[in-house]
1. How much length, in nm to one decimal, is gained on full extension between CYS110 and PHE90, taken as 0.36 nm per residue of separation minus their Cα-Cα distance?
2. What list of whole percents do you get for P(r) of the chain, with Cα-Cα distances grouped in 10 Å bins up to the one holding the largest distance?
3. Give, as a single signed number, the net charge of other residues whose beta carbon lies under 12 Å from the beta carbon of LEU55, with Lys and Arg counted +1 and Asp and Glu -1.
4. In a shell of Cβ-Cβ distance under 10 Å around VAL9, excluding VAL9 itself, what net charge do Lys and Arg (+1) and Asp and Glu (-1) give?
5. When averaged across all projection directions, what area in nm² does the alpha-carbon convex hull of segment 75-137 cover?
6. log₁₀ I(q)/I(0) of segment 10-95 at q = 0.19, 0.26 Å⁻¹, via Debye over equal Cα point scatterers, no solvent, to two decimals?
7. For segment 1-113: lysine pairs with Cα atoms under 27 Å, gap of 8 or more or different chains, count?
8. What ranking of THR99, THR30 emerges when the number of other C-beta atoms within 10 Å of each C-beta is taken as an exposure proxy, fewest first?
Amino acid sequence: MANYNPNLVKIHRNYSIEEAARVYGVHKNTVSHWLRAGLPYLNERKPYLILGADLKQFLKDRRIKNKQHCDPDQMFCLRCKSPQKPAEGFVEYLPTSSTKGRLSGICSTCDGIINKYASLASLERYSAIFDVSVSAAQKHINNSAKPFLNSDTR
């Protein structure tokens, strides 16, 4: 299920089914499914109209309803589609910048990769929960002092 941005609609505007579909770049049948799922609309005359404020609130409510909370000792597994604990409590911290990084582990249920983004400051807190292994950041080519130029144009 996609996560549509409720802020794309104007609350003081009315939308037809086609216009609402165009705003989100979806097929008009998707908007029709939203109507059957409880999106309020004006059905006295055709074309049916959807109030912008109603559409925005409907999408906000769906986003909140579908949100899942991970406890501090859990990470979200995309394969299981639920929060899971890492296998044997082991995770690896992979720095993505000087202040942030990614905790990566293996799902205890499906053996898939699970991730959680964390700041370097919160690493101490996660070390109390998990067995954390800290990896060095990978070096990039542009960080080299003397880059190797392999050129066939001589």
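1. Full extension of this stretch gives 5.7 nm more.
2. For the chain, the pair-distance distribution reads 9, 26, 17, 19, 19, 8, 2, 0.
3. So the surrounding residues net to +2.
4. In short, +1.
5. 3.9 nm²
6. Debye curve over Cα of segment 10-95, log10 I(q)/I(0) at q = 0.19, 0.26 Å⁻¹: -0.83, -1.31.
7. 24
8. So the ranking, lowest neighbour count to highest, is THR99, THR30.
Throughout, read-outs are computed from the coordinates displayed, never taken from laboratory work. Here the structure is a predicted model, which means the values were calculated and not measured. All Cβ positions, glycine included, derive from the backbone under ideal geometry; neighbour counts span all protein chains shown.
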